[in-house]
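Working notes, structure below.
Please treat every number below as a calculation from the coordinates, not as lab data. Quick caveat, the model's predicted, so the values are computed rather than measured. Reconstructed Cβ throughout: ideal geometry from the backbone, glycine too, with neighbour counts over all protein chains shown.
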Amino acid sequence: MLNIIIVAIVFGSIVALAMLICGTILIIVKTRTNRCASGPADSEEARVIQEIYQGLEKLEERIDALETILTENQAKDRYRK
């Protein structure tokens with residue numbers, strides 16, 4: 001049962017990461033097409049994109065940690081059998 005939960009967390013994290021990446025790409029494309037808007041709005045959008053990017057990096061680290069835990073648990077299960 002624990003393995004199912006771990007796998008669900010890992011795959012859920014991967015899906016969330018994919019959604020964040022797509023959202024970031026859409027934001028970048030939208031900002032490039034709307035070159036008319038300049039000034040404080042641009043700096044605000046740049047700050048939001050930076051925050052998203054930092055969140056993606058943290059999420060990637062968490063996914064790596066979860067994958068490590070999952071592989072270690074699977075290795076322990078193999079040795080127990």
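How far apart, in nm, are the 7 Å Cα→Cβ label points at CYS22 and VAL48?
Between CYS22 and VAL48, the label points sit 1.9 nm apart.
For the chain, set up a Gaussian network in which alpha carbons nearer than 10 Å are linked by springs, and say which option among VAL48, VAL15, VAL29 fluctuates the most.
Comparing VAL48, VAL15, VAL29 in the GNM, the peak value goes to VAL29.
Restricting attention to the alpha-carbon atoms of the chain, what are Rg (one decimal) and Dmax (integer), both in Å?
18.6, 65
Cut-off is 10 Å between beta-carbons; in what order do THR24, THR33 appear when sorted fewest neighbours first?
Listing THR24, THR33 from fewest to most nearby Cβ atoms yields THR33, THR24.
May I ask you to derive the relative contact order of the chain, considering only C-alpha pairs under 8 Å and at least 6 residues apart, and to give it as an integer percent?
55 percent.
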